[in-house]
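Input: a single structure, listed below in structure tokens.
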Amino acid sequence: MNKLLFLALSAACGMTWAQTPATNPMPDGSRDMYVGLGVQSAPRWDGTGSRKVSALPVLQVQWSNGLFISGMSAGMHLTDSPTFEYGPLVAVQPGRDRSGTGQVFDGVGSAGTTLIGPVPEPIDKRNLRGTGLDGMNKIGARLQGGVFANYYLTPQWRLTSSVLYGAGNDHDGARLDLGVQRLAFELGSQHRVSVSAGVSIVNRNYNQTYFGVSLEEAAHSRFSWYEAGGGLQEAHVGVRWNWALSPSWMLTSNLQAKGLLGNAAKSPLVERSTNLTVSTAFAYRF
Amino acid sequence: MRASRQLIAAVAWLAAVVSTGAQAQAQAGEWVSYRDAYRAMVQFEKYGGPKNLLQSQLQVQSRDHAGLGEGAQLTLTGKTTQLNLPLDALGRTVFPLQKAAYDENAALVLNRKGVPFVLRPQVTIAPRADGQYDAADLRTACAQALGFVRYVDASQRARQCAGVRFVFSKKETAGVRLRHPEGGEQRLPEQALPVTSGAAFTGDPDEGFPIVTWRFGTAPGRVQVVTYNAPLAIVPIFE
């Protein structure tokens with residue numbers, strides 16, 4: 001029975017790329033909705049070894065007219081073709097203050113959830129003194145707008161892409177995400193696992209906001225001045241595991257590994273270029 | 001640190017509540033979400049290409065390859081929905097597309113406890129009541145099925161129709177003959193096609209069904225394929 005099925009109600013500071021669930025044909029006037037709550041362990045900001053555990057709200061809704069909300073993203077499927085998806089997309093880019101990246105939401109994916117892997121460091125046991133972003137300017141949450149397009153090589157494999165604009169201090173950061181997903185779809189099984197991988201390419205304005213250090217910030221923080229250029233910013237892989245406990249209840253878990261690349265990896269804000277984000281949440285299907 | 005522990009404790013509490021709720025919702029047998037099945041089955045309805053010679057059904061397969069046995073049936077169960085869906089000898093049933101069942105987040109429950117199963121959409125060629133099929137019609141039907149397969153799966157675009165497979169009941173005599181057109185210089189006698197044993201659909205665990213495969217090859221368009229017992233299914237073959 002092919003692709004389909006992806007709930008992805010997860011988001012995290014480690015998951016800044018937009019989520020687009022697979023098309024979900026349904027009767028006119030119907031909707032498919034997941035709402036839930038869980039817990040997430042994630043880096044305080046991209047590139048730090050300091051982690052935080054936080055509550056993770058879960059939300060994914062798809063309507064019969066093609067509109068969808070998935071975690072921090074919303075958009076609309078403009079076609080019901082089984083092999084090609086495209087449409088407008090908006091996404092919220094979490095802000096960042098001296099303590100790290102702000103609150104995020106998750107979806108349940110179009111494919112599944114994760115096998116939860118080991119968390120490399122004991123959660124919240126680090127001495128945070130001197131490891132924060134003291135002296136760095138606050139970055140507000142940003143609403144980005146753009147488009148997405150996905151192509152199915154087979155019903156199980158899809159190539160994904162999205163372009164978003166509007167992130168950063170001056171709302172002029174642009175981001176291109178390219179990826180591939182293996183949609184785990186098996187009716188009859190209560191467990192579905194999907195995997196994904198991808199890269200992100202950003203412009204200079206985007207990278208400068210999140211990985212650059214201005215002269216003013218350098219004077220007030222422990223970081224040295226750094227001007228970040230654009231280009232390849234990160235590569236990521238992820239696994240999502242969805243366990244349907246009943247027709248209504250689901251346990252959705254996610255593991256994401258991200259490696260910073262290029263100018264982002266060289267930033268003085270980056271203590272380690274590879275980070276893990278782990279989350280698990282219960283979701284109710286309405 | 002304290003906040004983290006409280007958060008984890010809260011999630012553990014939520015897990016206990018959910019577990020209780022899920023047990024309360026547990027069905028008498030294995031289940032599959034109706035919405036998930038709907039999502040796959042509605043694609044045939046939405047397909048805009050020619051499909052007048054085809055039929056779409058939902059097939060139930062046991063995961064352990066042990067078979068479903070006699071009397072297996074699915075039940076569509078929701079708050080206000082209760083619909084029995086008897087399965088044929090190949091484990092197939094017509095899938096009901098119901099908005100009420102979708103909105104209720106209904107479940108499809110198999111009346112076999114502890115038998116995990118999968119559901120698959122199966123598109124086959126609709127059988128004729130008189131059992132007589134013009135070769136041209138079978139080619140057209142196969143082409144229609146291939147068109148649908150290409151619509152849902154881009155990787156199938158290079159495949160071509162190669163023939164059809166008649167699947168018969170194990171309880172009846174299988175027989176398919178080729179009837180050549182009249183009016184030639186000499187009329188050829190009817191030709192019986194060989195009966196073998198195999199699976200109805202690719203990947204089916206039960207390979208014991210009597211099947212007759214007719215490959216299109218260079219058969220003239222006017223030849224007729226005649227079945228002497230109604231086949232369970234006529235499956236298009238793509239290569």
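Brief remarks on what is shown
- Residues in region B:86-122 reached by a label modelled at B:VAL149 [backbone nitrogen below 17 Å; 7 Å Cα→Cβ]: B:120-122
- Region A:207-286: relative contact order in percent, alpha carbon pairs under 8 Å with at least 6 residues between: 30 percent
- Couplings 3J(HN,Hα) of region B:112-127, computed from phi: 9, 5, x, 9, x, 9, 10, 10, 9, x, 10, 9, 10, 8, 5, x Hz, in residue order, whole Hz [Karplus 6.51 cos²θ - 1.76 cosθ + 1.60, θ = phi - 60°; x for Gly and Pro].
- Proxy reagent accessibility, fewest Cβ within 10 Å first, across A:TRP241, A:TRP157, A:TRP45: A:TRP157, A:TRP241, A:TRP45
- A Förster radius of 41 Å combined with the Cβ-Cβ distance from A:GLU216 to A:ALA149 puts the calculated FRET efficiency at roughly 0.55.
- Inter-label distance for B:ARG128 and B:ALA162, nm, one decimal - labels placed 7 Å from Cα along Cα-to-Cβ: 2.5 nm
- Residue exposure sequence - B:HIS180, B:HIS65, A:HIS220 - by fewest surrounding Cβ within 10 Å: B:HIS65, A:HIS220, B:HIS180
- Semi-axis lengths (Å, descending) of the ellipsoid that matches the C-alpha gyration tensor of region B:31-122: 21, 18, 11
- For the Cα trace of region B:108-199, dividing Rg by the Kirkwood Rh returns an Rg/Rh value of 1.07.
- Across B:LYS113/B:LYS170; B:LYS46/B:LYS170; A:LYS52/A:LYS258; A:LYS52/A:LYS266, pairs whose alpha-carbon gap is larger than 28 Å: B:LYS46/B:LYS170
- Percent RCO, i.e. relative contact order, over region B:128-238, from Cα pairs under 8 Å lying at least 6 residues apart: 42 percent
- Zone residues, region A:208-234, relative to A:ASP170, backbone N less than 17 Å from point 7 Å out along Cα-to-Cβ: A:208-217, A:226-231
- A simple spin-label model places the labels of B:THR196 and A:GLU227 7.2 nm from each other, with each point 7 Å out along Cα-to-Cβ.
- Two-decimal Rg to Rh for region B:153-239 - Kirkwood Rh, Cα set: 1.03
- Karplus-derived HN-Hα couplings along region A:49-60 (A = 6.51, B = -1.76, C = 1.60, θ = phi - 60°), whole Hz, x at Gly and Pro: x, 7, 10, 9, 9, 9, 5, 10, x, 10, 8, 9
- Each residue of region A:22-39 was assigned a 3J(HN,Hα) from its phi angle through the Karplus curve 6.51 cos²θ - 1.76 cosθ + 1.60 (θ = phi - 60°); the sequence is 5, 4, 9, x, 8, x, 4, x, 9, 8, 10, 10, 10, 9, x, 8, x, 9 Hz, with glycine and proline shown as x.
- Across peptide A:236-249, the mean count of Cβ atoms from other chains lying within 10 Å of each residue's own Cβ comes to 4.
- Note on A:TYR226, B:TYR133: ascending count of other Cβ atoms within 10 Å places them as A:TYR226, B:TYR133, the fewest first.
- Electrostatic dipole magnitude of region B:128-238 [Cβ: Lys, Arg +1; Asp, Glu -1; Cα centre; debye, to 20]: 220 debye
Here, each number is a calculation from the coordinates, and none is a lab measurement. Bear in mind that the values here come from a model prediction, so they are computed numbers and not experimental data. Reconstructed Cβ throughout: ideal geometry from the backbone, glycine too, with neighbour counts over all protein chains shown.
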